[in-house]
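Structure record follows, encoded as structure tokens.
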Amino acid sequence: MEGIDFAYDFFDNSTDNISEESGDFDPDYQEPCGSALSSDFNKIFLPTVYGIIFVLGIIGNGLVVVVMGYQKKVKTMTDKYRLHLSVADLLFVLTLPFWAVDAVKTWYFGSFLCVSVHMIYTLNLYSSVLILAFISLDRYLAVVRATNSQATRKLLASRVIYVGVWLPAAILTVPDLVFARVQNVGSSKFLFTDESVETADSRTICQRIYPEATSLIWTVIFRFQHILVGFILPGLVILICYCIIIAKLSQGAKGQALKKKALKTTVILILCFFSCWLPYCVGIFLDTLMMLNVVPVSCGLQQAVEKWISITEALAYFHCCLNPILYAFLGVKFKKSAKSALTPNSRSSQKVTLMAKKRGPISSVSTESESSSVLSS
């Protein structure tokens, strides 16, 4: 899956090259490269990795949703972002079993589910990345402008997030509604072994199908859109905010132990985001340049790029399993809330503590405490 129109490119390269990899402008291009070998690789690799991501994502994000739901009204801005992020990641991993089955055999789920799964996939892929940018902005406000940022942070977490995250992500699903469809693919256009031909005869694919005359244009537009909106813009926000936070925490000598832990956590957040998404975006960017003939194309390079995208795609999607760990499980406050939610004996004492905190006034001390909690989670 490649974000929007990439969700079907690399599950079965022998068929997807019709409208995506070749852009519908050279159907014979992939034939000499033995795409069936890459397809066999994906049939084993992708379902295995997607299965692992599905299980870990359901457990991790499901636990966050349960704990945040248990807290009910007593939520900080950080808790609200955690809940948004876990909902986005949870819905995202729910689409992976469909793509895993499609990678192994064919699309069994009909036209309605084809469009629906594409839209859900796109909505939550973009929303999860944009929420990470909002979290970094919230942490910047909590640490760098700790004494006078409460109103702004509350506005961002309660209202702006819907306009800045969920609305753009919803708009970006429109191409799925327009172009995603089910298509039966025959074997006459492909170079297969006899065994592969038998499989291809009955293959049904679920993908975006662009008008033949403009297929390359649409593909390039949506790929660059994915790189820009799904990586570059949120990546810049994350990098700038966390670099400022690091500079802020590096100043002064007060609370060195806490600052050292916060700095370590901040660096880990930056490295995890770019380690997950940068290799994948580099791969689809290079493949797009090859489609445009900007980079000379060879059979070996084409096969290498396809495998690179398949592997780095899975790496990128592992981020939805890391999010609960990076943004929730590392936080002391979340650990206590999880223990209270899962242990009936401690619920009553936890409710008393939460109500006491709710009645207490917001001060610079409480703001700094929340800032530390934000950084350590």
In the stretch 237-282, how many are closer than 22 Å to Asn323 by Cβ, among the polar types (S, T, N, Q) and modelled with pLDDT under 85? 2
Helices (runs of 4 or more DSSP H) wholly in the stretch 283-377 with at least 3 residues that are modelled with pLDDT under 50 and surrounded by fewer than 19 Cβ atoms within 10 Å (Cβ to Cβ) - which ones? 347-359, 364-376
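Every residue, every condition in (1) touching an Asp or Glu at 6+ places or on another chain (Cβ under 8 Å); (2) part of a helix (DSSP H, G or I); (3) modelled with pLDDT of 90 or more, yes or no:
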residue	(1), (2), (3)
Phe112	no, yes, yes
Asn124	yes, yes, no
Asp138	no, yes, yes
Ala146	yes, no, no
Tyr162	no, yes, yes
Ser187	yes, no, no
If I filter the stretch 57-102 down to residues being in contact with a Leu (Cβ under 6 Å, 6 or more places away or on another chain) and surrounded by fewer than 23 Cβ atoms within 10 Å (Cβ to Cβ), which single residue comes out as nearest to Tyr162 (Cα to Cα)? Met68
All but one of (1) within 12 Å of Thr76 (Cα to Cα); (2) crowded, with 24+ Cβ neighbours inside 10 Å hold for Gln150; state the number of the condition that does not hold. (2)
Looking only at the stretch 87-114, how many residues end up being in contact (Cβ under 8 Å) with a residue 40 or more places away in the chain, touching a helix residue (DSSP H, G or I) at 6+ places or on another chain (Cβ under 6 Å) and of a type in the set (A, V, I, L, M)? 6
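The values are calculated or read from the model by the stated rules, or taken from the named source; none is laboratory data. Please read these numbers as outputs of a predicted model, since none were measured by experiment. Every residue, glycine as well, gets a Cβ built from its backbone with ideal geometry; the counts of neighbours run over all protein chains shown.
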